[in-house]
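Presented below is the structure to which this report refers.
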Amino acid sequence: MLHIAKAELNDLDALTVLFDQYQRWLAIRPPLSQTRAFTEQRLCEQDTCILTASRQSSMVGFVHLTPLYSLARARRGLIINDLYVQPDSRRQGIARALVSHALKEARARQAACLLLQTHQSNHAAHHLFESFGFICDVSQYYFLDVID
């Protein structure tokens, strides 16, 4: 049975392992100590929301929600900043359950919107998000990596 829950500080070890797998999947390799410290800070400061998916007491996925502030709407929104399911647990409805819970969290926080971005070639993700009613916005998007 799948269990979705908000991550807590006692989840730090399992989250660090899962985040490391996610970073490897993205071909990003910060030191594990940096990943752990960053995750611990997020959990302690509670400035973001991490929802985890577990099966039989093992974490198999997560969704990471970060706040967005809109002066135009005079309300806060949320960004699905990261969504990951372990490769051997994919195509089992876990990502769908995580997105569903992310939407519930956004509504509970009275967020004005829920935003995300995904790679153009990730058609499975496109289908998943569109099935929830997300609309692909093709407006100008710029990115600058400010860390050397």
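A short reminder: the numbers here are calculations on the coordinates, not readings from a lab. Quick caveat, the model's predicted, so the values are computed rather than measured. Glycine also receives a Cβ, built like all others from the backbone with ideal geometry; neighbour counts cover every protein chain displayed.
Structure above, values below:
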| read-out | value |
| --- | --- |
| Prolate/oblate/rounded label for the range 86-131 (Cα gyration tensor, a/c 1.5) | oblate |
| All Cα pairs of the chain, percent lying beyond 20 Å | 51 |
| Ordering of 92-98, 43-49 by packing [mean C-beta count within 10 Å, highest first] | 92-98, 43-49 |
| Packing-based order for 120-133, 103-116, 9-22, 52-65, using average beta carbon neighbours within 10 Å, highest first | 52-65, 9-22, 103-116, 120-133 |
| Part-to-part distance (alpha-carbon centres) for the range 74-132 and the range 1-71, which is given in Å | 15 |
| Surrounding net charge for A125, when Lys and Arg each add one and Asp and Glu each subtract one, Cβ distance under 13 Å | +1 |
